[in-house]
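Okay, so here's the structure we're looking at.
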Amino acid sequence: MAATPGFVWDAQLHLTPWPLYVTVRDSYEQGVGSSRASIARFLPLGHQQGTPEIAASALWRYLAEAVWLPTILLPSERLTWTALSDKSARATLTDGTVTATAEFSFTPEGAIERITGDRYRAVGSGQVLTPTVGQHRAYTRIFGMMIPTEGEVTWLLASGPHTYWRGRIRSATYE
């Protein structure tokens with residue numbers, strides 16, 4: 001059986017010149033998605049956990065971020081691929097009752113350049129299924145794997161695109 005999908009992502013966002021920061025902890029563990037944010041780990045800003053929508057959103061994120069650990073994308077009893085064209089394919093990842101589906105677009109060399117799909121996002125006290133696009137570039141070979149070192153993720157909102165994450169990988173270590 002393939003490994004159980006899961007991740008824990010911890011971040012500190014420095015939003016001011018003062019030593020004040022927001023901490024964010026997102027995770028998907030044993031079929032449960034969770035997201036928690038606080039100011040300097042002491043003042044809670046929000047916490048969401050345990051709904052089917054949050055689990056589905058977290059599993060979609062796991063699938064989309066697999067570009068940084070590409071062996072996760074190998075076909076298995078949990079992950080199936082369907083060819084859409086010579087430049088794209090749909091991946092479906094299932095973990096118990098939670099399923100995530102994303103469309104992957106490839107460069108002529110076979111690198112993943114774009115991942116699209118519908119992912120839940122928090123709106124007020126609820127979750128809204130929203131088209132999402134991840135774009136990847138600047139591939140580098142690290143420990144024998146080709147991974148993108150630059151990327152961004154964008155919600156495709158009715159009011160226009162909203163890029164909510166943009167980053168650069170400076171180093172990676174694999175165990």
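The values are calculated or read from the model by the stated rules, or taken from the named source; none is laboratory data. Everything numeric here is computed off the predicted structure, so don't read it as measured data. All Cβ positions, glycine included, derive from the backbone under ideal geometry; neighbour counts span all protein chains shown.
What to note about this one:
- Annotation: of all residues in segment 1-23 being surrounded by 10 or more Cβ atoms within 10 Å (Cβ to Cβ), under 20 Å from TRP68 (Cα atoms) and hydrophobic (A, V, I, L, M, F, W, C), the one that is farthest from the chain's Cα centre (by Cα) is ALA2.
- For segment 115-142, the set of residues classified as surrounded by 14 or more Cβ atoms within 10 Å (Cβ to Cβ), more than 20 Å from HIS162 (Cα to Cα) and among the aliphatic types (A, V, I, L, M) consists of ILE142 only.
- Scanning segment 72-114 for residues that are out of contact with any strand residue (DSSP E or B) (no Cβ under 7 Å at 6 or more places or on another chain), among the hydrophobic types (A, V, I, L, M, F, W, C) and loosely packed, with under 12 Cβ neighbours inside 10 Å yields a single hit, LEU74.
- Any hit, segment 161-174, residues being surrounded by 14 or more Cβ atoms within 10 Å (Cβ to Cβ), within 13 Å of the chain's Cα centre (by Cα), of a type outside the set (D, E, K, R) and within 21 Å of PRO70 (Cα to Cα): no
- Just so you know, in segment 107-125 the residues that are without any contact (Cβ under 8 Å) to a residue 60 or more places away in the chain and over 19 Å from ALA89 (Cβ atoms) include one that is nearest to the chain's Cα centre (by Cα), and it is VAL123.
- If you go through segment 5-36 and pick out every residue that is touching a strand residue (DSSP E or B) at 6+ places or on another chain (Cβ under 9 Å), at pLDDT below 90 and polar (S, T, N, Q), you end up with 1.
- Among (1) under 16 Å from the mean Cα position of the chain (by Cα); (2) within 23 Å of ALA11 (Cβ to Cβ); (3) exposed (fewer than 12 other Cβ atoms within 10 Å of the Cβ) - the single one PRO148 does not satisfy: (3)
- Residue in segment 53-71 that is farther than 23 Å from VAL153 by Cα, part of a loop (DSSP other than H, G, I, E, B) and out of contact with any Pro (no Cβ under 6 Å at 6 or more places or on another chain) present: no
- Residue match in segment 24-38 (condition: small (Gly, Ala, Ser) and over 21 Å from TYR62 (Cβ atoms)): yes
- Within segment 55-74, no residue satisfies the criterion of being modelled with pLDDT under 95 and over 23 Å from GLY167 (Cα atoms).
- Residue match in segment 55-70 (condition: over 26 Å from ALA172 (Cβ atoms), surrounded by fewer than 16 Cβ atoms within 10 Å (Cβ to Cβ) and touching a Gly at 6+ places or on another chain (Cβ under 9 Å)): no
- Residues (surrounded by 16 or more Cβ atoms within 10 Å (Cβ to Cβ) and either of a type in the set (Ser, Thr, Tyr) or modelled with pLDDT under 95 (or both)) located in segment 37-53: ALA37, SER38, GLN48
- Those residues of segment 72-89 which are in a loop (DSSP other than H, G, I, E, B), of a type in the set (A, V, I, L, M) and free of Cβ contacts under 8 Å to residues at least 12 places away in the same chain, in sequence order: LEU74
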